[in-house]
1. Of the conditions (1) within 14 Å of chain B (Cβ to nearest Cβ); (2) over 26 Å from A:I270 (Cα atoms); (3) in contact (Cβ under 8 Å) with a residue 12 or more places away in the chain, A:L390 satisfies every one except a single condition; which number is it?
2. So in the range B:106-124, with the set limited to residues that are among the hydrophobic types (A, V, I, L, M, F, W, C) and under 18 Å from B:I60 (Cβ atoms), which one is surrounded by the fewest Cβ atoms within 10 Å (Cβ to Cβ)?
3. Can you tell me how many residues within the range A:314-342 are open to solvent by 10 Å² or more (accessible area, probe 1.4 Å) and within 16 Å of ligand 2 (Cβ to nearest atom)?
4. Restricting to helices (runs of 4 or more DSSP H) lying wholly in the range B:64-147: which have 3 or more residues that are facing chain A (nearest Cβ under 9 Å)?
5. Of the numbered conditions (1) within 13 Å of ligand 2 (Cβ to nearest atom); (2) open to solvent by 20 Å² or more (accessible area, probe 1.4 Å); (3) within 14 Å of chain B (Cβ to nearest Cβ), A:I86 satisfies every one except a single condition; which is it?
6. Here are some residues: A:E30, A:E47. Which one is in contact with a strand residue (DSSP E or B) (Cβ under 7 Å, 6 or more places away or on another chain) and away from chain B (no Cβ under 13 Å)?
7. When you go through A:C193, A:C187, A:C197 one by one, which is the residue that is near ligand 1 (Cβ under 10 Å from one of its atoms) and open to solvent by 10 Å² or more (accessible area, probe 1.4 Å)?
8. Looking only at the range A:31-59, which residues are away from ligand 1 (no atom under 11 Å from the Cβ) and outside any helix (DSSP H, G or I)?
Amino acid sequence: MPVPDLFAEGLARGWKTHDGSRLEADLTLEADIAIVGTGAGGGTSAELLSAAGFKVLLIEEGPLKTSRDFHMQEAEAYPSLYQEAIGRTSKDGAITILQGRTVGGTTVVNWTSSFRTPVATLSHWADAHGVRGHGVEDLAPWFERMERRLGIEPWPVAPNANNDVIRAGCQALGYDWAVIPRNVRGCWNLGYCGMGCPTNAKQSMLVTTVPATLENGGELLYLARAERLHFAGDRVDWLECLGMDDRCVAPNGRRIVVRARHYILAGGGINTPAVLLRSDAPDPHGRTGKRTFLHPVNFSAALFDEVINPFYGAPQSIYSDHFQWQGGIDGPIGYKLEVPPMHPAIASTLLGRFGVDNALRMEQLPHTNVLIALLRDGFHPESAEGTVLLRDDGSPTLDYRMTDYTWDGLRRAYHSMADIQFAAGAREVLPLHNAARHARSLAEARALIDDLPLELFRTRLGSAHVMGGCAMGEDARTAVVDSLGRHHQVENLSIHDGSLFPTSIGANPQLSVYGVTARLSSLLAERLRA
Amino acid sequence: MTTAPASSSRRNLLRFGLLGGAALATVGLTASLTGCSADAPAAGFSQLRDGDLPLLRRLIPVILDGAVPPPAPPDATAATLAGIDRAIAHLSPALATQVLQLFDLLTLPVTRGPLTGIWGDWTSASDEQVRAFLGRWEGSRLMLLRQGYSSLLQLTLMSWYSQPQAWAACGYPGPPTV
Ligand SMILES: Cc1cc2nc3c(=O)[nH]c(=O)nc-3n(C[C@H](O)[C@H](O)[C@H](O)COP(=O)(O)OP(=O)(O)OC[C@H]3O[C@@H](n4cnc5c(N)ncnc54)[C@H](O)[C@@H]3O)c2cc1C
Ligand code: SF4
């Protein structure tokens with residue numbers, strides 16, 4: 001039985017979409033509310049605002065790909081569904097940055113872990129960043145609502161062997177661990193969430209809020225990049241979009257003029273600040289693109305006698321926060337421990353050698369477990385942080401600067417991961433660093449890790465969580481938008497995505513984006529109706 | 001806009017390129033590089049140029065040494081080359097330009113020798129010489145060389161391991177049927 005393709009059926013029923021790669025002439029589109037980006041923040045906002053009776057236009061740079069296009073092939077998924085065809089990195093090239101670029105945004109390729117914003121993070125925003133109205137009680141009803149909307153529940157099925165390493169290791173050591181809530185309905189437990197869910201089980205924006213918006217009479221323009229906002233006084237007058245070629249590499253010469261009463265930027269971290277920078281939006285205190293955070297990640301591989309098959313099964317189902325808050329909110333940097341799915345192409349870049357070493361590591365893939373530590377950046381003055389810059393052609397890049405404070409966390413994380421892997425029964429542990437070798441005992445691993453030269457490129461680093469860059473807060477000298485997501489200097493412009501966060505989240509961010517932007521959208525609807 | 005390969009002027013390469021500034025200033029070759037070599041794609045490719053092919057045809061088998069079990073599919077190198085070409089064709093123009101600039105540095109005789117230790121042309125480089133070059137860049141104190149190594153490795157490995165013919169050697173049965 002083929003999986004029904006909800007999107008294709010809706011299109012057949014008359015949903016209104018425009019393909020920017022196939023326009024025969026320039027186009028003008030009008031709406032009450034124009035939303036740039038169809039990911040977590042854009043999709044959530046669009047559904048709420050279209051349900052409130054506003055005519056919504058969604059604008060997406062990436063292509064429209066649906067379940068019938070998702071073949072669980074890395075060769076297809078990475079070039080078509082990811083920013084810069086998965087080539088995005090920090091400016092110096094040392095940190096691989098994964099972000100989605102397709103209708104549904106990063107939610108189409110994310111791994112479905114769904115956590116509410118930690119209480120400590122919310123209090124820190126109120127205390128240190130002048131954020132008002134984002135307390136636990138303010139947000140709880142919005143988290144509940146989005147959890148219901150997206151089927152978020154602790155994963156009821158046994159974890160795959162890759163995730164079970166966290167459970168077994170933490171159990172043996174007396175560390176905290178727990179089951180991850182996932183946004184799925186009828187999940188087949190396949191493990192290909194990162195390549196687009198072929199069964200529509202994952203409740204991404206592609207199968208939930210974007211279809212709902214179209215059903216409510218909204219429109220979708222895809223393969224079109226929001227290039228520049230044009231201002232008249234302290235208002236956005238119109239938005240200039242560029243049609244993209246069908247590979248989504250370069251503009252194809254078509255221009256789309258968008259006019260709306262209100263504009264929402266929801267292009268995600270890096271991309272939303274880039275729209276503002278390209279537009280020369282007012283920025284009297286130079287805050288746009290500053291304080292961008294990544295949850296920088298390091299990796300530890302382990303070999304087990306038993307079969308792990310880290311490429312199959314729900315990619316993330318167990319986590320440990322044992323080391324997340326140990327030093328307090330702004331002590332030594334904390335980290336969350338999880339696992340990544342390991343399909344061959346991605347695995348080969350992480351295991352990272354050439355020649356026989358590579359072949360031997362790859363040959364053992366079925367017996368390999370990999371742990372990741374996601375560092376909670378942005379809570380301490382000495383934390384690493386990034387600044388969004390524009391390249392000569394107007395495309396963005398992130399100048400992310402590591403610090404000793406952050407390197408220290410990475411070294412501690414290598415230790416924690418090796419501890420857990422050995423406690424779970426690993427035969428050998430390999431911190432993914434180019435000066436490391438397989439350690440056969442915990443003592444050997446400890447000595448090895450203490451000696452690793454922690455330097456860019458030698459240390460394998462990645463990120464799948466871009467946050468911040470358009471921080472919210474009441475003080476216009478430090479924040480780009482206020483606590484309601486309204487741009488401090490531009491009247492009819494809001495930001496509703498992960499770039500709002502004044503620090504990293506300290507948990508995988510999607511549910512934070514859903515909850516926060518749902519609340520901001522309902523308040524925006526009230527203001528626009530008034 | 002054009003879909004031609006993301007080439008750039010050699011002058012740009014020298015001033016801003018991936019390995020530009022620092023590395024090239026030290027070898028002091030600024031003037032001699034402008035305006036040489038063809039930028040058009042090689043026959044059968046959309047991005048890779050004739051000058052890139054000998055380099056990649058030597059690098060790929062060394063990087064994949066042991067990963068292609070005997071009897072080797074005869075076209076592992078060809079398949080990886082095609083994958084690299086496809087990958088570059090989907091990168092953002094800025095990144096594609098950086099990759100081609102890296103290939104320029106590795107192939108133009110004036111930079112190839114000093115930066116790689118390979119003084120003859122790539123076709124005649126031995127496996128041992130190619131390994132020595134990769135090892136030297138991997139552990140280099142110059143971040144720009146480590147970056148170059150990382151780009152070469154990732155492009156090659158991703159292009160090979162995303163192909164079904166690579167999977168038997170890493171115990172991946174492939175995706176299930178839905
Ligand atoms: C591989 C991977 C796994 C992840 N796993 C998890 C997980 O398990 N749990 C979790 O909580 N989080 C996870 N995340 C992160 C999470 O999905 C994101 O943090 C979240 O989706 C961010 O939401 P957003 O609204 O800020 O932006 P996005 O969801 O990234 O959406 C932004 C959209 O806007 C588009 N856009 C950007 N600029 C423009 C422009 N100028 N014009 C038009 N369109 C534009 C982009 O193409 C994109 O489609 C994962 C991320 C990745 C990459
Ligand atoms: S694990 Fe579940 S949600 Fe992920 S791709 Fe498979 S079926 Fe979809």
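The values are calculated or read from the model by the stated rules, or taken from the named source; none is laboratory data. Source: prediction; values computed, not measured. In this analysis, Cβ positions are derived from the backbone assuming ideal geometry, glycine residues included, and neighbour counts consider all displayed protein chains. Accessible surface is based on the protein model in full, side chains and every heavy atom, while ligands, DNA and RNA are left aside. Shrake-Rupley method; radii C 1.70, N 1.55, O 1.52, S 1.80 Å.
1. Looking at each condition in turn, A:L390 falls short on (2).
2. Here is the first cut: in the range B:106-124, the ones among the hydrophobic types (A, V, I, L, M, F, W, C) are B:106, B:108, B:110, B:115, B:118-119, B:122.
If we keep only those that are under 18 Å from B:I60 (Cβ atoms) as well, we get B:106, B:118, B:122.
Numbers: B:L106: 23, B:I118: 19, B:W122: 21.
Within the range B:106-124, the match that is surrounded by the fewest Cβ atoms within 10 Å (Cβ to Cβ) is B:I118.
3. So the answer is 1.
4. Values: elements: B:76-90, B:93-107, B:109-116, B:127-138.
Helices (runs of 4 or more DSSP H) meeting the threshold: B:76-90, B:93-107, B:127-138.
5. Condition not satisfied by A:I86: (1).
6. It is A:E30.
7. A:C193
8. Once the filter is applied, which keeps residues that are away from ligand 1 (no atom under 11 Å from the Cβ) and outside any helix (DSSP H, G or I), the range A:31-59 yields A:A31, A:D32, A:I33, A:A52, A:G53, A:F54, A:K55, A:V56, A:L57.
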